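What follows is a short report on a single structure.
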Amino acid sequence: MGSRFTPLLFLLLMISIPFSSSSKSDNINNKNNNNKLSLDYYKKTCPDFDRIVREQIQDKQSKQPTTAAGTVRILLHDCMVSGCDGSILIASNSFNKAERDADINLSLPGDALDVVSRIKTILELSCPGVVSCSDILAEAARDLIVMQGGPFYTVPLGRKDGLVSKAETVEGNLPRSNMSMDQMLKIFEVKGFSAREMVALMGAHTIGFAHCTEFKDRIYKYSKKTPTDPEINPKYAEALKSLCANDTDGTMSAFNDVLTPTKFDNMYFKNLPRGLAALASDHMLIKDPRTKGFAEWFAANQTAFFEEFGRGMQKLGALNVKTGNDGEVRRRCDTFNDDQT
């Protein structure tokens, strides 16, 4: 499903808003499998890997500016469920409802799925049967972050693609915008992430976007006496209402960082105390004592945010990776090899 954007929200806020600031076994498997990954994994078998990925993401991002945010989101949704194995890329068929069709994944942007597929097609011509879709996704996400001004971090390679993708495995492994902070922290804690690391990873919202369906309760149904959450900046709330009034098919979206939406920076954190967070889960970062200090730290220090984010992404990219005979190198990213014979 695609997303539709409007310049209204961005223009209104540029005019109106001032810029002044007011489990253990899994972890063992992560370490063991991560040791089998290497930075030069494709140096001999597919020497053009880096170039092909870089050229394709640059072309796609220049034509579809939401590709970067979408690709980072798909990586998170892949790694947090069954590990970084490309299972999110599998399409459902008459015999199997795949992860991609779980309720929370129905809004994943097609542009991000498309760029991975494009890269895979070209790589199959250059070095057939060598590069996994999970490696493509991890590398593409990093390159898109850098392309938008974000931090460079190393991406060890050598992942194999998973052999299972089932929609029923998704629920409970991914954060939702209406979750409590206890629930969100628990989801990340189970995967081995601290509160600091969770806040850093949520900083990816600086180039992200949210569908009206994810925050409409905050602007229309906050309470019986107060329809709109009073902690949302009033002008921002009105702009969101104007945007979502036209959301007849559930595809209208607003940028999470309304001031620098296409730049990977720390503005997302600066916006939180200004009431410029559409998602309740984002707003909680500046309210809950377990996360507030980290959000304030990243708002004040972009270098610290970049360093913590880079480390967090490296850790995310190593979650339960498959290597050796635990997976395969798919010929097509949306289909298991056994389904293609």
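When shorter helices are ignored and each DSSP H run of at least 4 residues is given -39500 (n - 2.57), the per-residue value for the chain at 222 nm works out to -14000 deg cm²/dmol. Listed peptides 51-63, 214-226, 153-165 appear in the order 153-165, 51-63, 214-226 once ranked by packing, highest mean of other Cβ atoms within 10 Å at the front. Please work out whether region 114-175 counts as rounded, prolate or oblate from its C-alpha gyration tensor, where a ≥ b ≥ c are the square roots of the eigenvalues and a/c under 1.5 means rounded, while otherwise a/b larger than b/c means prolate and anything else oblate? Oblate is the answer for region 114-175, as a/c is 1.5 or above yet b/c matches or exceeds a/b. Three semi-axes describe the equivalent ellipsoid of the chain; taken as square roots of 5 times the Cα gyration tensor eigenvalues and ordered largest first, they are 34, 21, 20 Å. Shape descriptor for region 277-341: Rg over Rh equals 1.24 (Cα atoms; Rh from the Kirkwood inverse mean 1/r).
Relative intensity of region 238-324 on a log10 scale, I(q)/I(0) at q = 0.24 Å⁻¹, equals -1.19, per a Debye sum over C-alpha point scatterers of equal strength in the absence of solvent. Once you have a ≥ b ≥ c as the square roots of the Cα gyration tensor eigenvalues for region 23-160, tell me rounded if a/c is under 1.5, and otherwise prolate or oblate according to whether a/b is larger than b/c. Taking the square roots of the gyration eigenvalues as a ≥ b ≥ c, region 23-160 is rounded.
Computed over the Cα atoms of region 82-121, pair by distinct pair, the Kirkwood hydrodynamic radius stands at 11.0 angstrom. When the C-alpha to C-alpha distance is required to be over 18 Å, the pairs from 120/315; 60/120; 216/241; 235/287 that qualify are 120/315; 235/287. Across all directions, the average projected area of the convex hull around the alpha carbons of region 193-341 is 12.4 nm². A full extension of the chain between residue 314 and residue 97 corresponds to an added length of 75.2 nm, given 0.36 nm per residue minus the alpha carbon distance. Maximal additional length on extending the residue 152-residue 58 stretch stands at 32.3 nm, based on 0.36 nm per residue less the C-alpha distance. Using every pair of separate Cα atoms, the Kirkwood estimate puts the hydrodynamic radius of region 72-140 at 12.5 angstrom. From the Cα gyration tensor of region 34-107, with a ≥ b ≥ c the square roots of its eigenvalues, which class applies: rounded if a/c is under 1.5, or else prolate if a/b is larger than b/c, or else oblate? Here region 34-107 falls in the oblate category. Atom-type composition of the exposed protein surface of region 187-240 places 52 percent of the accessible area on carbon and sulfur (1.4 angstrom probe). One chain, two ends: residue 223 and residue 130. Fully extended at 0.36 nm per residue, the span grows by 28.0 nm beyond their Cα-Cα distance. Per residue, the solvent-accessible area of the chain (1.4 Å probe, heavy atoms of protein chains only, all protein chains present) comes to 45 Å². For region 95-200, the Kirkwood radius over C-alpha pairs fed into Stokes-Einstein at 37 °C and 0.692 mPa s yields D = 202 µm² per second.
Each of residue 338 and residue 180 was given a label point 7 Å from its Cα along the Cα-to-Cβ line. The distance between the two points is 4.1 nm.
Here residue 241 and residue 36 are evaluated by their C-beta separation; at R0 = 41 Å the FRET efficiency comes out at 0.20.
Take the Cα of residue 45, step 7 Å toward its Cβ, do the same at residue 194, and the gap between the two points is 3.5 nm. The fraction of accessible area contributed by carbon and sulfur in region 58-155 is 55 percent, rounded to a whole number (1.4 Å probe; ligands and nucleic acids excluded).
Reducing region 163-182 and region 187-251 to their Cα centroids gives an inter-centroid distance of 18 Å.
The values are calculated or read from the model by the stated rules, or taken from the named source; none is laboratory data. Because the structure is predicted, anything quoted here is derived from the model rather than measured. In this analysis, Cβ positions are derived from the backbone assuming ideal geometry, glycine residues included, and neighbour counts consider all displayed protein chains. All accessible areas refer to the heavy atoms of the entire protein, side chains included, with ligands and DNA or RNA removed. Shrake-Rupley method; radii C 1.70, N 1.55, O 1.52, S 1.80 Å.
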